[in-house]
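The next block holds one structure in the form of structure tokens; read it before the comments.
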Amino acid sequence: MTINKLAIIGGSGLYDVEEFENRELVDLQTPWGKPSDQILKTKYKNKEVYFLPRHGRGHFISPSKINFRANIDALKQLGVSDIVSISAVGSLKEDLPPGKFVIVDQFIDRTFARNKTFFDDEIVAHVSMAHPTSNGLMNACEEAIKKEKIKYQKGGTYVVMEGPQFSTLAESNLYRSWKADVIGMTNMPEAKLAREAEIRYASVSMVTDYDCWHPDHENVDVKQVIKVLLENAAKAKNMIKNLIENFENHIDPQDPTNNCLDVAIITASEKRTKKTIDKLRTVAGRVLNK
């Protein structure tokens, strides 16, 4: 019987759900280094769940410095099968005001200073990213959001910029011309690595501002963002509780993530060294050890 385990990767302003009980902080090492922080292992209504603060508790890791590979490898070590990413974003559309949630289903990756794959040495793999998020997990997020009566949009494109600076006006208008919905700094390469590790992934973006394109909101500043962040975080914590209860009801046994490495690894078996196989044992051991 397959055991499904949910992990929440929390972004800006969302480091924990304080009322969770039976709390244990897990310290893990990976072949890619240390994850962003200790991973909280906890239980809610008898369901085991993990919580990883993407920027570290207290927000001390810049988006470009997040060790995304270590974060995903560590969660895979813990047996995580499903990740819901929660992050703060700017809006690129008038009808996505601050406070609204977006269940993202597409990404445009504009980052350039990050390690984006586990398969960068000796063993080459090409996973499909046509549909980067899990339909079942998206449905679970929608149900959890609806239960809290949070305003939301299901489906949307998230532009991932390098940061840490906010956009120029020209950049913001360019992304709007692409019909993108929101902009942020953290969901890539996180979503790509989750797919390589065969972990189902969904993204809930919490709008904090209108980026800088909106004539009535021309300047984005941290003080303004944090104010909305704290309001959003309170809603997100209730959403997470609902999600823990319902996510297993929405798991799709045919989800393309489940066995995507079966058709992704292109390197001939005789070229795969033990050293590299050992390095990839957590994320790809299922296929490499056959």
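Read-outs throughout are calculated quantities, based only on the coordinates presented, and are distinct from any laboratory measurement. Owing to the predicted nature of the structure, the values given are computational and were not obtained by experimental measurement. Note that each Cβ is placed from the backbone with ideal geometry, even for glycine, and that neighbours are counted across all protein chains shown.
At a Förster radius of 30 Å, what calculated FRET efficiency corresponds to the Cβ-Cβ distance of L28 and D252, to the nearest 0.05?
0.60
Treat the count of other C-beta atoms within 10 Å as a stand-in for reagent exposure and order V204, V17, V102 from fewest to most.
V17, V102, V204
By counting other Cβ atoms within 10 Å of each Cβ, how are M138, M129, M206, M188 ranked from fewest to most?
The most exposed by this proxy come first: M129, M138, M188, M206.
Sorted by mean Cβ packing within 10 Å, highest first, what order do the peptides 263-273, 150-160 take?
So the peptides 263-273, 150-160, ranked by packing, come out 150-160, 263-273.
Under 16 Å from the Cα of K149, which lysines turn up, not counting those fewer than eight places away in the same chain?
Within reach: K100, K235, K237, K241.
Sequence neighbours fewer than 8 away in the same chain don't count; with that in mind, list the aspartates and glutamates whose C-alpha is under 14 Å from K147.
Answer for K147, where 14 Å is the Cα cut-off: E245, listed by chain and number.
Round to the nearest 10 and give me the degree value, 0 to 90, for the angle of helix 222-246's Cα axis relative to the longest principal axis of the chain.
50 degrees
Give me the number: length gained by fully extending K179 to S128, i.e. 0.36 nm times residue separation minus the C-alpha to C-alpha distance, one decimal in nm.
Between K179 and S128, full extension yields an extra 16.1 nm.
Mind checking which lysines have their Cα closer than 17 Å to the Cα of K179? Skip sequence neighbours fewer than 8 apart in that chain.
Partners found: K93, K154.
Which angle between 0 and 90 degrees, to the nearest 10, do you get for helix 135-147 versus the longest principal axis of the chain when only C-alpha atoms count?
The answer is roughly 40 degrees.
Would you mind getting me the FRET efficiency between I266 and K65? Use the beta-carbon distance for r and R0 = 30 Å, nearest 0.05.
So the FRET efficiency works out to roughly 0.45.
Please state the relative contact order of the chain as a whole percent: Cα pairs under 8 Å, 6+ residues apart?
With pairs under 8 Å counted, the relative contact order is 25 percent.
Of the candidates K227, K34, K237, which one comes out as most mobile in a Gaussian network treatment of the chain with C-alpha springs shorter than 10 Å?
Fluctuation is largest for K227.
Looking at the chain only, what percent of DSSP beta bridges run antiparallel? Nearest 5 please.
Taking every DSSP beta bridge with both residues in the chain, the antiparallel ones total about 35 percent.
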